[in-house]
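Student: Got a structure for you, written out below as structure tokens; questions coming shortly.
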Amino acid sequence: MCFRSVTFGELIRRYRNEVVHSNIPKATVVRNLVTQQTFRTTVPKAMSEEKVLAGNSSQYKEYLESYQTVLREKAKLFSKKDKMTTLLDLDKWYQSELPDVIQSRDEKHVTHQELCQLMKWKLTRGKFRPRLTELVQSNSPTDVQKASTQAFKALPNLKKATEALAVLKGIGAATASAVLAAGSPDNAPFMADEAMLALPGLEPIKYTIGHYLQYAGMVKTCCDRLKIEDPDTKWDQHKVELALWTYQTAKQLKLNIFGQKTVEKKSTTKRPSKSADEPTFSDAKRKK
């Protein structure tokens, strides 16, 4: 630990930012800031909000525009052609059709059938966990509609919105984020493993609401910057997440499709489980 003085103005700025964006109790915010004024645990430079992502807007636009190309390459990994087709069809439904359906309703929500299909998309594109499918199917249509309606009404409070969906069986932070990203892409990024791995300081991945909020905060920081640098692309948090997913998946598949050097992810030292620089979130029951 090293001594670090902080100006009063900087403390006020941080206090306002934490209260408005993180939904942490004010007393906790004050305690954390007082601790920061005196001591600071060593944190990698890459963790600075201003340097969360090193890529410029043209790079991120290239990643975003390459999403379908990389998705098709990932789909080719399936041994059976019908599974490859299933992934592409499900992704088209999730990215294009479901958002329009949710937006068309008087009160935003998803139906039981849509939630089950969303889970199928999530598990097909990511890690397959058959038990989650059974749990999601066991929810009643009434409970799904009620929980999802409350979740969308809670936005832009991402913590409350995620918790509203987490009352459903089989729904944790990751699946809840997929629902929110489909219906409100400017307020919520999907908690994709690949997108989180593309960012510094988020390993090991934890499927908790606290970890999701940390990730979402970094995505929002990047999104706010890209909106200024490249307003024509009409960036939202879901688009940033798709760009990160594309970058990381292409890297994992060893695809050489980008014309420029991609996002820098600086090596980081192992961080303690709790840091004075990071607020402690009250995580809901750990489910994915």
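Coordinate-derived values only; no laboratory data. Just so it is clear, the structure is predicted and the values come from calculations on it, not from any experiment. Cβ sites come from the backbone with ideal geometry, for glycine too, and all protein chains shown count toward neighbours.
Student: Sum up the charges of everything whose Cβ sits under 11 Å from the Cβ of LEU242, counting Lys and Arg as +1 and Asp and Glu as -1, but leave LEU242 out.
Tutor: -4
Student: Let me ask something additional. Taking a ≥ b ≥ c as the square roots of the eigenvalues of the Cα gyration tensor of the range 82-199, is the shape rounded (a/c under 1.5), prolate (a/b larger than b/c) or oblate?
Tutor: rounded
Student: Let me ask something additional. What trypsin sites (Lys or Arg not before Pro) does the range 222-261 have in DSSP loop regions with at most 15 other beta carbons within 10 Å?
Tutor: LYS234, LYS254, LYS261
Student: Pairs LYS108/LYS220; LYS92/LYS227; LYS92/LYS146; LYS146/LYS227: which exceed 28 Å Cα-Cα? Intermediate results must be reported in sequence, preceding the final value.
Tutor: Values: LYS108/LYS220 22 Å; LYS92/LYS227 25 Å; LYS92/LYS146 26 Å; LYS146/LYS227 33 Å.
Beyond 28 Å: LYS146/LYS227.
Student: Given the pairs LYS206/LYS234; LYS80/LYS239; LYS122/LYS206; LYS81/LYS251; LYS169/LYS239, which are separated by over 26 angstrom at their Cα positions? The partial results should precede the final answer.
Tutor: Details: LYS206/LYS234 30 Å; LYS80/LYS239 29 Å; LYS122/LYS206 17 Å; LYS81/LYS251 23 Å; LYS169/LYS239 28 Å.
Pairs exceeding the cut-off: LYS206/LYS234; LYS80/LYS239; LYS169/LYS239.
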